[in-house]
Amino acid sequence: MVNIDKLKGKIREKRFTIGSLAVAIGINPATLYRKFENGGVSFTIGEVTAIAKALSLTYEEINEIFFAKLVA
């Protein structure tokens with residue numbers, strides 16, 4: 001499960017918007033917004049890799065964001 005809140009925080013921290021991040025990774029902004037609306041469950045490996053590069057995420061941050069185990 002993707003930790004969307006943490007991902008949004010990193011996007012803001014790196015001075016991106018969801019729209020500008022979409023352009024930076026080469027996908028339609030509407031597509032990326034939809035993926036966020038769905039909790040990030042449909043991110044592909046290629047998209048995760050591109051987002052990680054665009055945001056300069058560390059391996060630890062990638063694991064915390066994209067492979068988080070959220071427990072209620």
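The values are calculated or read from the model by the stated rules, or taken from the named source; none is laboratory data. The shown structure was predicted, so the numbers you read here are calculated from the model rather than taken from an experiment. For the accessible areas, the whole protein counts, side chains as well, though only heavy atoms, and no ligand, DNA or RNA atoms are used. Shrake-Rupley method; radii C 1.70, N 1.55, O 1.52, S 1.80 Å.
In the chain, Cα pairs under 8 Å separated by at least six residues give a relative contact order of 48 percent. Per residue of the chain, the DSSP helices (runs of n ≥ 4 H) give a summed -39500 (n - 2.57) that works out to -17500 deg cm²/dmol at 222 nm. In this structure the chain gives 65 Å² per residue of accessible area when probed at 1.4 Å with all protein chains present.
Can you compute log10 of I(q)/I(0) for the chain with the Debye formula, treating each Cα as one identical point scatterer, at q = 0.18, 0.20, 0.21 Å⁻¹? Log10 of I(q)/I(0), two decimals: -0.62, -0.78, -0.87. How many percent of the accessible area of the chain is carbon or sulfur, using a 1.4 Å probe? C and S fraction of accessible area: 55 percent.
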